[in-house]
Ligand SMILES: [Zn+2]
């Protein structure tokens, strides 16, 4: 299923499992989870917290590590709606609309849109949230 409207996107990404499945595909396109610290692929999942732990260096990390979402307290459910908007709303979206849709202030929504646009422009979005942005979005 591919969300066609902002309302559908909000509903679609409100399922954290959906968000995590996306992040997994973006972060580890070949399906092998690796440690951001030492590169080991011996990764264990801490299921209760959606966190991972490296069995070699014991580093704990979340899906957000190494992405443009890393230092943000906002949930992936909100971030993915913002990404969806930028990828799908042909006429653009205002920070007011986005803020209302995901329940954050206009200022926060502006910051999110700005960060995503910047990352897409400089290519860091591709590099940081994954090798194949376009593919991920075609399959949503
Ligand atoms: Zn490690």
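All of (1) modelled with pLDDT of 95 or more; (2) part of a loop (DSSP other than H, G, I, E, B) hold for residue 110 with one exception: (2).
I'd like to verify a number: residues in region 25-50 that are in contact with a helix residue (DSSP H, G or I) (Cβ under 7 Å, 6 or more places away or on another chain) and touching a residue at least 60 places away in the same chain (Cβ under 8 Å), how many? So the count comes out to 2. A Cβ distance below 7 Å, combined with a sequence gap of six or more or placement on separate chains, defines the contacts here; from region 1-24, residues that are under 14 Å from residue 83 (Cα atoms) reach residues that are outside any loop (DSSP other than H, G, I, E, B) and modelled with pLDDT under 85 in the pairs 22/136. When restricted to residues that are exposed (fewer than 14 other Cβ atoms within 10 Å of the Cβ) and farther than 18 Å from residue 102 by Cα, region 3-23 contains 1. For region 60-73, filtering for residues that are surrounded by fewer than 16 Cβ atoms within 10 Å (Cβ to Cβ) and out of contact with any strand residue (DSSP E or B) (no Cβ under 6 Å at 6 or more places or on another chain) leaves 4.
The values are calculated or read from the model by the stated rules, or taken from the named source; none is laboratory data. Predicted model only: the values in this text are computed from it and were never measured. Here the Cβ is made from the backbone with ideal geometry for all residues, glycine too, and neighbour counts use every protein chain on show.
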